[in-house]
Every structure is written in structure tokens, then in C-alpha cells.
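Where a number appears in this text, it was derived from the coordinates with a stated rule and is not lab data. None of the values given here were measured: they were computed from a predicted structure. Cβ sites come from the backbone with ideal geometry, for glycine too, and all protein chains shown count toward neighbours.
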Amino acid sequence: GAGVSQSPSNKVTEKGKDVELRCDPISGHTALYWYRQSLGQGLEFLIYFQGNSAPDKSGLPSDRFSAERTGGSVSTLTIQRTQQEDSAVYLCASSTTGVGTEAFFGQGTRLTVV
Amino acid sequence: AQSVTQPDIHITVSEGASLELRCNYSYGATPYLFWYVQSPGQGLQLLLKYFSGDTLVQGIKGFEAEFKRSQSSFNLRKPSVHWSDAAEYFCAVASSSGSARQLTFGSGTQLTVLP
């Protein structure tokens, strides 16, 4: 596609439910990132995929968070047993591999846990 | 570990005035540095980036930034601000070595432009 696509754009869920957030990166981009942006906060790194390498999961805040990337393209971020503090905008980005490559961001999924 | 500090949480300038947004980074080698802008309800858009060469880099929308190794800074500037520049601005650093390419962002500076 023309850009990074994220779905849904908004998600309201009840505390304790599981949610799945989807990211469609730009075609041909081998790197994919997930970030979380909480109200009044900067962007918190969650996870990074690069080609077929093992993902860098160092930013995942708890074992309730997981992500996968199928076929080196679409990625799904799953949050299990959601908590109110999980409410945030979840941003996905993708890039090519190489020196100083630009990361292109999607418009994000706004998650509200009630 | 790499880190980025944006000391100004909120800046207000008048339309037509000059602008400088501060960014300080911490990284052991020469970093890759970026400035992104986020308008309300939008994703992030790259304004400019530095990874080698001329330390003064030009970006889109009339923005520029200067890499100063001695000060570990990468401040963003614009000579004359337009009302449409009101947004949140994020400085980011990426490692220049190893396999990790994650971007580490500062906490952002919210820019308000007065008419």
C-alpha cells in the first residue's frame, strides 16, 4: 500500500478482555516497529522486527503483551487481560534496512480500556 | 543505552517569530538523529535526519537542525513560524552500530503558535 496501515483506528474494550491490533507495513519494508504513546508521554518502544531475525522484545512492558509478524509482512500486537493503564495510542512503523533509513508511521490505534 | 532529552515540554511563539526546539542525546558513538512532527490525531512525519556529513541539515517545511557533537545536541530551528506548524515535535536517536535499529524518542515538545 501507499503507507503504513493500522486497524482498528479506535478500540474500546472492557478491562480483562484481550485485544489484537493490526499493522500493515509498506510493501518491501523489512523492519517493523511498535510503539506506545500514552497521554502526555513520549513514544515508548515496544518491539522491533527485522527480516527473519529474532525480534527485539525488550520494550514489552509485561508478559500480557506479545506480537508476531507473519510472512515478514503484517504484524499483530496482542494485549491479554487488558488493564486501564494499557489505554494509549499504539503506533506502528516500518522501514527498509540500511544506514539512516526513515521509519514511516501509521496513524495509530487508540485503545481505551474501560 | 541511547537516550534523548527534550527539555522543553511546551513552547509558545508568535506567528512569524523564529523557533528553536532543543534536543540532547546520549549515545556512545555517532548516532543517527531524527526530528519528527505529529499533528493532532495523526501519525509521525519525518522532518529531517542526520547520520553523517554536513552537520547542518535541511528538512521539509523550512525546518533545519544542527548536529553539535561537543554538546550532544541536535536542535531544530525555523526562521519564521507559520500557524500550521503548531504540533508536537519529537527528537529521536537510532544506533549506528549493531543490528538494533530501534528509534528512541524524546518526550516531545508541544508547539503553540499565536496569531
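Structure values in brief
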read-out	value
Percent of Cα-Cα distances greater than 23 Å, calculated over the protein assembly as shown	48 percent
Where labels lie 7 Å past Cα in the beta-carbon direction, separation of B:Thr5 and B:Ala17 in nm	2.4 nm
Alpha-carbon radius of gyration plus Dmax, which is the widest Cα pair, for chain B in Å	13.7, 47
Rg over Rh, two decimals, segment B:19-69 (C-alpha only, Kirkwood Rh)	0.98
Scattering curve values for chain A, log₁₀ I(q)/I(0), Debye with Cα scatterers, q = 0.19, 0.23 Å⁻¹	-0.95, -1.35
Translational diffusion of segment B:50-115, µm² s⁻¹ [Kirkwood Rh, Cα pairs; Stokes-Einstein; 10 °C; 1.306 mPa s]	116 µm²/s
Nearest-0.05 FRET efficiency for A:Lys17 and B:His82, computed from C-beta distance (R0 30 Å)	0.10
Cross-link reach list, lysines versus B:Lys68, counting only Cα pairs under 24 Å and skipping chain neighbours closer than eight places	B:Lys49, B:Lys78
Spacing of the two label points (7 Å from each Cα toward its C-beta) at A:Asn52 and B:Thr30, in nm	3.3 nm
GNM flexibility winner over chain A from A:Val74, A:Val89, A:Val12 (Cα, springs under 10 Å)	A:Val12
Point-to-point label distance, B:Ser39-B:Asp54, nm (Cα→Cβ direction, 7 Å offset)	2.7 nm
Under-5 Å amide H pairs with B:Asp8, H placed in peptide plane, nonlocal only	B:Arg22
